[in-house]
Amino acid sequence: MPNPLSIATVCLSGTLDDKLAAAASAGFDGVEIFENDLVGSSWSPKQIRERCADLGLSIDLYQPFRDFEAVPPDILEANLRRAERKLDLMAELGTDTMLVCSSVSPDAVDDDDLAAEQLHQLAERAAERGMRIAYEALAWGRFVNTYDHSWRIVRRAGHPALGLCLDSFHVLSRGSDPSGIRVIPGDKLFFLQLADAPRLRMDVLQWSRHHRLFPGQGAFDLTGFVQRVLGTGYAGPLSLEVFNDVFRQSDPGGTAVDAMRSLLVLKEKLGIGDLPAAPPLAGYALAEVASNDTGITDTLAALGFRATHRHGDESVQLWHQGDATLAVRTGATTRITTVGVASTAPEVLLQRAEHLLAVPAESGVVTPDGTTLTFTAELTDVDGEDNETDLLTGIDHVSLTAPFDVVDQTALFYRSVLGLESEPEAEFAAPFGLVRSLSASDGRVRIVHNVAMLRRGEWAPAVPDPQHIAFTTTDAIAAARAMRARGAPLLDIGDNYYDDLDARLAPPRLAELRECSVLYDRDEHGEYLHFYTHILGDRVFFEIVQRIGGYAGYGAVNSPVRMAAHRRERLNANDHRKFR
């Protein structure tokens with residue numbers, strides 16, 4: 001099978017048995033056995049081989065073998081003895097390829113001829129057993145730290161059992177130009193390891209050991225990288241090698257599913273997968289909020305929504321305005337429970353989600369953040385009333401939350417299932433710490449995930465995981481005035497914000513923005529006017545937005561102001577209840 005999918009056991013948490021079971025359950029074809037996992041296992045190499053066979057897993061690589069080349073003769077002798085033991089072990093495991101990392105040893109010297117000569121000796125011993133050596137340039141290697149340098153040494157060694165292992169992190173983290181990969185013959189590329197990562201300015205070793213991500217979760221151009229590798233004729237595994245503190249503490253089953261999902265989407269981008277293409281989305285069909293707080297429905301009425309009809313279930317009521325439909329379900333905890341998207345091919349979306357290992361639910365799937373994602377045909381106006389007086393026209397975006405340790409996987413799920421494109425990531429300093437915001441959109445459906453960068457201690461806001469639904473309007477100021485007149489609980493913004501706004505941007509209609517507590521942002525593409533309701537129930541609030549021109553952001557610069565205003569409003573409300 002060309003380009004089978006593999007995963008290094010170091011990616012996953014648990015014992016070797018846990019890791020193998022998780023990899024097999026997620027549908028991987030093979031694994032890389034990481035030496036630490038084998039050493040810590042109670043199973044013999046033969047038993048590991050048998051277990052992998054029972055699970056349908058091939059053992060594609062044994063790794064790592066460190067600090068071998070360009071060393072004095074006495075150290076070389078010890079290294080060859082060590083290598084012989086590992087080759088014996090590999091024979092018991094039933095694998096034929098060993099990864100050799102470029103040396104970081106203080107005993108190594110900067111001598112390519114010597115490195116090539118000693119790697120030739122190692123390859124000769126491997127070849128006698130029908131095995132191969134895949135030489136990898138570590139990004140922090142003492143002398144060999146780029147793939148082109150490692151290729152020069154492999155070429156100079158000139159042994160058929162010696163080839164390269166290319167690791168996307170080691171290549172892309174150094175800013176190396178991957179276009180040079182095209183000159184490497186495909187039969188000399190013995191193995192390919194893949195990892196994404198965020199762009200960070202830090203020591204590359206620490207970056208690699210703690211911050212690698214699965215494809216699509218970081219900032220590297222893995223599609224372009226893999227295209228260059230496949231262009232050489234490489235037909236070996238697409239294998240994940242991801243060192244990540246969070247992944248190595250998480251349920252290995254869930255992590256393995258996320259890993260597989262990332263590879264399936266990568267294959268789709270490469271044009272070599274069988275994933276059903278994501279059909280175009282028409283927008284939001286509905287959003288559902290569960291709550292036992294009557295403030296939700298009172299607020300919807302004040303925002304201009306009309307209660308239309310029961311949705312089959314007596315515990316659910318539909319509210320409608322413009323093209324926005326909101327379902328309110330009687331529930332103990334206020335939260336967004338369902339996001340429904342409209343498409344002309346909902347059955348294809350469901351098939352795609354199933355291919356991406358989503359957990360099925362009625363009319364859709366369950367997302368990693370616990371929200372139900374449903375797929376329906378395009379909806380028409382459900383109440384048949386004249387919409388000329390509607391203040392709102394539809395749903396602009398849905399903002400959800402996920403724990404910081406799973407937000408990357410959650411965001412990837414929404415992007416991959418719905419076919420959304422990532423938008424620039426934002427970070428902002430909020431009253432209770434740094435917040436990271438990930439968003440994705442196709443222009444009609446926008447999904448945002450906001451998450452605190454670190455777990456909070458006892459000092460934390462009363463609403464640690466707020467969620468909100470943003471509705472669109474064509475005139476934010478007029479909508480704010482009308483909604484306030486109806487008694488909508490809209491958030492008040494202090495004068496300091498507008499004084500600063502005047503100094504920064506001097507927006508038109510500043511006095512009206514101030515009067516109506518409408519926030520404002522703009523960029524080179526357009527403008528963004530938005531305002532908010534109070535937090536309703538446990539954690540949900542609504543936002544009203546007006547996009548002017550090509551503004552595609554979410555007003556993140558205003559988020560700390562909104563968060564401070566929400567806290568002030570809740571403190572005032574608590575004081576009022578205390579003394580009334």
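Of note:
- Being crowded, with 21+ Cβ neighbours inside 10 Å and within 32 Å of the chain's Cα centre (by Cα) is a description that applies to Ala137.
- Criterion applied to Val171, Val229 was being surrounded by 20 or more Cβ atoms within 10 Å (Cβ to Cβ), out of contact with any strand residue (DSSP E or B) (no Cβ under 7 Å at 6 or more places or on another chain) and either within 30 Å of Leu122 (Cβ to Cβ) or modelled with pLDDT of 95 or more (or both), and the one residue passing it is Val171.
- Pairs with Cβ under 7 Å, 6+ apart, first in the range 315-337 and without any contact (Cβ under 8 Å) to a residue 40 or more places away in the chain and polar (S, T, N, Q), second buried (at least 21 other Cβ atoms within 10 Å of the Cβ) and in a strand (DSSP E or B): Gln317/Val328
- Single unsatisfied condition, Ala219 versus (1) surrounded by 23 or more Cβ atoms within 10 Å (Cβ to Cβ); (2) small (Gly, Ala, Ser); (3) at pLDDT below 95: (1)
- Selection count, the range 296-355, where residues are surrounded by 14 or more Cβ atoms within 10 Å (Cβ to Cβ), among the charged types (D, E, K, R) and part of a strand (DSSP E or B): 3
- Condition met for Ile59 (under 27 Å from Arg209 (Cα atoms), touching a residue at least 60 places away in the same chain (Cβ under 8 Å) and not small (Gly, Ala, Ser)): no
- Any hit, the range 29-50, residues being more than 22 Å from Arg212 (Cβ to Cβ), open to solvent by less than 40 Å² (accessible area, probe 1.4 Å) and under 32 Å from the mean Cα position of the chain (by Cα): yes
- Residues in the range 409-419 that are over 12 Å from the mean Cα position of the chain (by Cα) and open to solvent by 10 Å² or more (accessible area, probe 1.4 Å): Gly419 only.
- Being touching a residue at least 60 places away in the same chain (Cβ under 8 Å) and either open to solvent by 50 Å² or more (accessible area, probe 1.4 Å) or under 31 Å from the mean Cα position of the chain (by Cα) (or both) holds for only one residue in Leu99, Leu93, and it is Leu99.
- The strands (runs of 3 or more DSSP E) falling completely within the range 485-560 that include 2 or more residues that are exposed (fewer than 14 other Cβ atoms within 10 Å of the Cβ) map to 540-549.
- Restricting the range 177-214 to residues that are open to solvent by less than 30 Å² (accessible area, probe 1.4 Å) and in a loop (DSSP other than H, G, I, E, B), the residue that is nearest to Glu423 (Cα to Cα): Ala197
The values are calculated or read from the model by the stated rules, or taken from the named source; none is laboratory data. Predicted model, so just to flag it, every value in this text is computed and none were measured. Backbone-built Cβ (ideal geometry, glycine too); neighbour counts: all protein chains shown. To get the accessible areas, we keep the full protein, side chains included, count just its heavy atoms, and leave off ligands, DNA and RNA. Shrake-Rupley method; radii C 1.70, N 1.55, O 1.52, S 1.80 Å.
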